[in-house]
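Enquirer: Starting off with a structure, shown below.
None of the figures in this text is laboratory data; all of them are computed from the coordinates on show. Predicted model only: the values in this text are computed from it and were never measured. When we count neighbours, we look across all protein chains shown, and the Cβ atoms used for this are built from the backbone with ideal geometry, even at glycine.
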Amino acid sequence: MATRLTWIERISTALRENRFVLHVQPIVPLQADAGPARHELLVRMLGQDGDPILPGTFLYIAERADLVQEIDRWVVRRAIRLLAEQQHAGNDVSFEVNLSSKSITDPDMPELVPASSPPPAPTPGVACSR
């Protein structure tokens, strides 16, 4: 029980201190012309020493302590930001993320996507006046 409480504290602290990272893993197509580059985004928690902690170590406890949805929300917000950065740089990419069943059935999760999306970049050469 003490170990579980320690992990709950570690996960909560990592969420407060933004100590999660996404690792980008390419998805290699079997056909040469398979469209935009695809990648799977894999979450890692960073320990106090900065070393990555694999999800198998902390996700089970995060699920039991009702912290997994907060982690999933962090992943979605960060994935959207990363996608916007890639698109702004002119890269045609798509990302896939894994979410917990609690987040998939959360009625508020779809609303997070538009709320987290950055505004579209202005089109070069187009000016607006009011």
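Enquirer: Ranked by Cβ crowding within 10 angstrom, fewest neighbours first, how are 113, 43 ordered?
Expert: Listing 113, 43 from fewest to most nearby Cβ atoms yields 113, 43.
Enquirer: If you don't mind, another one. Quick one: Debye curve from the C-alpha atoms of segment 1-86, no solvent, what's log10 I(q)/I(0) at q = 0.17, 0.22 Å⁻¹?
Expert: Log-scaled intensity ratios, in q order: -0.74, -1.06.
Enquirer: Relative contact order, percent, of segment 2-116 when contacts are C-alpha pairs under 8 Å separated by at least 6 residues?
Expert: 26
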